[in-house]
1. Mind counting the residues in the stretch 264-313 that are under 28 Å from the mean Cα position of the chain (by Cα) and among the small types (Gly, Ala, Ser)?
2. Does Met159 fit the bill of being under 21 Å from the mean Cα position of the chain (by Cα), open to solvent by 10 Å² or more (accessible area, probe 1.4 Å) and not hydroxyl-bearing (Ser, Thr, Tyr)?
3. Quick one: which helices (runs of 4 or more DSSP H) sit completely within the stretch 458-526 and have at least 3 residues that are touching a strand residue (DSSP E or B) at 6+ places or on another chain (Cβ under 9 Å)?
4. Any residue in the stretch 114-130 that is free of Cβ contacts under 8 Å to residues at least 40 places away in the same chain, outside any strand (DSSP E or B) and in contact with a Phe, Trp or Tyr (Cβ under 7 Å, 6 or more places away or on another chain)?
5. Check Gly289 against each of (1) crowded, with 18+ Cβ neighbours inside 10 Å; (2) of a type outside the set (D, E, K, R); (3) over 30 Å from Lys184 (Cβ atoms) and name the one condition it does not meet.
6. Please tell me if Asn54 is open to solvent by less than 80 Å² (accessible area, probe 1.4 Å) and without any contact (Cβ under 8 Å) to a residue 60 or more places away in the chain.
7. Only one of Asp241, Asp229 is modelled with pLDDT of 95 or more and exposed (fewer than 12 other Cβ atoms within 10 Å of the Cβ). Can you tell me which?
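The values are calculated or read from the model by the stated rules, or taken from the named source; none is laboratory data. Here the structure is a predicted model, which means the values were calculated and not measured. Positions of Cβ are backbone-derived with ideal geometry, glycine not excepted, and every protein chain shown enters the neighbour counts. Keep in mind that these areas ignore ligands, DNA and RNA; they rest on the heavy atoms of the full protein, side chains included. Shrake-Rupley method; radii C 1.70, N 1.55, O 1.52, S 1.80 Å.
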Amino acid sequence: MYKHYIISFAALFFLVSFLYHQNLRKGLNTKNHILNNGPEKTSELKMQITEIFNQINRRIPKVTFSDQDNTTSAANSKLFIKNPQIGYCVGDQLTVQVDVYDFLGKRKNYGGDYIRAGISSPDKKAGASGSIEDFNNGTYHIHFTLFWEGKVVLSVFLMHPSEAVSALWKSRNSWYGQMAYLGKFNWKGKEMVTKCGFALDKKDELCEYADHENEEYFYCVKPQNFSCDSFTEYKNVKNLDSQLSKLESILLTRSNVKVEIPGNIQALDVVLCNSLSLQKKDNCKIGMGLEYPSGHVMEEIWYPKSCTMKTYHSVDELNTCMQGKFLYMFGDSTVHQWMTYFEKKLKTLTLLNVHETGWAQKHLGVDIERNMYVFWKRHGRPFVNMDYASVKEEHSIPREIDLLGGNQYTVIALNIGAHFRLFPVHHYIRRLLNIRRAVERLLLRSPQTKVIIKTENTSEMVNQYEGTSDFHAYVHYLIMEIIFKGLNVGFVNGWDMTTAFNTNEIHPPEHYIRNEVNMLMTYICT
């Protein structure tokens, strides 16, 4: 009798197991012909993406206009110090009010203009950012901290009027036309190139490359008589089409971008009134959070607002800090600059030939004597390559993090953003949410692992605004603030630092990179 039950239970278990694996195999092999959001289901991740999208969407103006005369004019807008003082001390807060007007001189009654502001002392090579408060009625307050003594001048720029911001936001989230993908398939000595992307025509037979857990989906048109597994390389092709109307495009010509708002504000004489501002602060450490402005630059050295950054100028200091460390860097070309800096400065670092080509190839350096390992790898799609790049070891940053065990010797530094500007923002939100989840898993299994996140740099802002404007990076910064709030990581605030340094380059010069690396080293070695 018991034997009979054992056989029955065994048969039942076999049947359930068989059906489960059949369904699992069916799920893994499904070729999805619909594009951008993967399988049609409501998941917790999708709900989080929608919630964050809506938070940002509420901050973006939704306006239309029939003539440029009805848009924000930098020349007609007014700038003045709110509650001016007779004198100013180091550490004082300064608030500047901006009231915006259109080209006809009419006061505007809504906000959403993209404004950037800073203070500087050119003779000291000093600078700092200002934070913008939008009252959504045509009035803005810009808040500065007077970090240093001397003559301080103020600069406020209208990067884009609210009408251009509205057009950029609508364009970005309504299509995939900024950048196309081509995929190369190799099988049995034959080669075929087909169209790939996040959004393809559902009439075509598609190969799906899916990360179901993270709800990340990418597609290629399946070449006839080729296996989907024979996908080996991809590259990008720029699309010259635009979603902007002719009138909207006028607002995004060079003469209408980053226009200074004039003001009759004289240089401020800032003096050292007490020694409180000179008190030594603790070293910057993991978990201090993301703030803006986060510091200032003086004589090409970055001084964080809430902590002290160590400066590692000599090779010996860098080697001492890095000894025994395994540093994994994932991101774009701005973190690739960190790798280049290490390669140049650490003479004992031996670079291995990873048998790849192009600037975006993996970089791997080792120092056997110091038991040191330094590694850089590009983040996963969307990553813009104008030449073919291999997909054989392509993983998103969350997957890379999941592959690392972590310990007190492991450091992970990451950056993501610039390549996402060309795609609808839900891709960026999803990736950051997945990075947060992966970091949380990592810190559960290995709380001693250090994770440092770099925000995007400002860029040249000279052309191709529809897809590459700094407005998109500003949106990314807001999203990063929301998603990484409360996470026990360190931040290198490239968005704030490049504004303060006034680099105006997506790839800043070495004296700037040294400061980002010094922030990284401060987190690692304290």
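1. Matching residues across the stretch 264-313 total 5.
2. The answer is no for Met159.
3. Hits in the stretch 458-526: 470-483, 494-501, 510-524.
4. The answer is no; no qualifying residue exists.
5. So Gly289 meets the others, but not (1).
6. The answer is yes for Asn54.
7. Being modelled with pLDDT of 95 or more and exposed (fewer than 12 other Cβ atoms within 10 Å of the Cβ) holds for just one of Asp241, Asp229, which is Asp229.
Here's the yes/no breakdown for (1) touching a Gly at 6+ places or on another chain (Cβ under 9 Å); (2) among the aromatic types (Phe, Trp, Tyr):
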residue	(1), (2)
Thr410	no, no
Pro447	yes, no
Ile452	yes, no
Glu456	yes, no
Val462	no, no
Phe471	no, yes
Met480	yes, no
